[in-house]
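Some notes on the structure that comes next.
What follows draws every value from the coordinates through simple rules; no lab data is involved. This is a predicted model, so every value here is computed, not measured. Every residue, glycine among them, receives a Cβ derived from its backbone with ideal geometry; neighbour counts consider all protein chains shown.
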Amino acid sequence: MCYDDEAKPPLPPGQTGAYHAEDIVLASADGNQFSAYLAVPEQSQQPTVQVIIYPDVRGLHEFYKELARRFAEIGVTALALDYFGRTAGMSSRAEGFEFMPHVDQMTLNSFSADVHAALDYLRMQYDPQRPTFVIGFCMGGTLALLTATNPDFKFAGVIPFYAGFKRDFGGSGTALDNAERIIYPVLGLFGGADPGIPENLVRELDDRLDKAGVSHHIEIYAGAPHSFFDRRAADFADASADAWRRVMAFIKGEKQPESGVMA
């Protein structure tokens with residue numbers, strides 16, 4: 001798993017404001033009910049973008065709820081969703097949760113139905129024209145790349161943190177297998193010392209996105225491990241701060257900062 005129960009997202013740059021956050025339950029078109037967590041900036045901040053957060057392999061646990069709150073503090077509506085409503089119900093995703101039997105039952109089609117439900121909720125509750133970005137971590141990063149091939153979602157862009165390239169959900173192919181089918185802009189963020197995601201595969205993703213003709217930026221942080229984006233990881237605070245800057249530039253449609261810590 002990416003994050004244990006003690007992990008905390010790094011603090012974002014800039015001024016913070018008030019927000020409202022709550023646990024919610026969403027329903028997919030196929031009848032599945034699943035947990036989600038919604039964080040909304042106070043009215044005066046007037047959000048112009050929103051993000052859907054795909055968690056790591058454990059599903060919706062506290063790290064991602066806090067990440068949603070951090071986005072809301074800086075004026076971005078955020079919805080974090082859970083993966084396992086079909087097989088695990090809405091039980092706790094705390095550290096003792098046995099997630100792998102449920103991961104093994106996931107398919108890209110069933111997950112996509114849940115993404116549709118999250119998008120429908122945001123677009124009905126708020127401005128239906130508001131740009132929606134996806135940010136995913138580890139398995140969620142893989143799913144961000146896979147769902148970036150679906151034209152129905154009309155994402156503004158996807159942001160995979162340390163996306164893996166080996167997992168195949170129900171025969172849909174890996175993220176690399178599908179990379180040339182991606183149609184939305186990509187900001188990929190990776191650790192250069194991540195043994196599970198070799199740099200040559202990250203470079204291959206970059207090459208395949210070139211072939212797809214899709215706008216993208218891939219950043220590899222030299223010496224940073226998997227899950228470096230953690231407030232406790234003081235040695236990689238510069239990488240985390242740079243990642244936040246890149247995420248915010250990406251969702252604001254601004255030019256990416258010059259690489260200062262990239263391998």
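Annotations for the structure displayed:
- Summed side-chain charge close to residue 32 - residues other than residue 32 whose Cβ falls under 12 Å, Lys, Arg +1, Asp, Glu -1: -2
- Residue by residue, the range 214-225 carries 3J(HN,Hα) couplings of 9, 4, 7, 9, 10, 10, 10, 8, 4, x, 7, x Hz when phi is fed to the Karplus relation 6.51 cos²θ - 1.76 cosθ + 1.60 (θ = phi - 60°); x denotes Gly or Pro.
- Ranked 143, 11, 176, criterion: other C-beta atoms within 10 Å, fewest first: 11, 176, 143
- Cut-off under 5 Å, modelled amide H: who pairs with residue 136 long-range: 54, 159, 161
- Alpha-carbon centroids, the range 145-165 and the range 76-117: separation in whole Å: 17 Å
- Residue 198 sits among other residues whose Cβ lies under 12 Å from its own Cβ, and their net charge, with Lys and Arg +1 and Asp and Glu -1, is -1.
- Shape of the range 186-250, Cα gyration tensor, a/c cut at 1.5: oblate
- Distant-in-sequence amide H partners of residue 224 (H built 1.01 Å from N, under 5 Å): 192, 193
- Shape box of the range 19-252 [Cα atoms, principal axes, largest first, Å]: 41, 40, 38
- Note on the chain: with a GNM built from Cα contacts shorter than 10 Å, the maximum mean-square fluctuation among 246, 58, 86 falls on 86.
- When shorter helices are ignored and each DSSP H run of at least 4 residues is given -39500 (n - 2.57), the per-residue value for the chain at 222 nm works out to -9000 deg cm²/dmol.
- Taking amide H atoms as placed 1.01 Å from N in the peptide plane, the amide H of residue 77 lies under 5 Å from those of 49, 51, each 5 or more residues away in sequence or on another chain.
- Rel. contact order, % - alpha carbon contacts under 8 angstrom, at least six apart, the range 19-252: 15 percent
- Exposure here means at most 13 other Cβ atoms within 10 Å; with GluC sites (Glu not before Pro) in a DSSP loop as sites, the longest stretch of the chain lacking them is 99-253.
- Choice from 15, 33, 43 showing the highest fluctuation, given a GNM over the chain with Cα pairs closer than 10 Å: 15
- The range 137-149 - phi-based ³J(HN,Hα) in whole Hz, Karplus 6.51/-1.76/1.60, Gly and Pro as x: 10, 6, 4, x, x, 4, 5, 4, 5, 5, 6, 6, 8
- Computed from backbone phi with θ = phi - 60° and the Karplus coefficients 6.51, -1.76 and 1.60, the 3J(HN,Hα) list for the range 101-112 is x, 7, 4, 5, 9, 6, 10, 5, 5, 5, 5, 4 Hz; x is used for glycine and proline.
- By the count of other C-beta atoms within 10 Å, a proxy for reagent exposure, 149, 16 are ordered fewest to most as 16, 149.
- Charge context of residue 6, other residues only, Cβ under 13 angstrom, K/R +1, D/E -1: -3
- Taking 232, 69 and counting other C-beta atoms within 10 Å, the order from fewest to most: 232, 69
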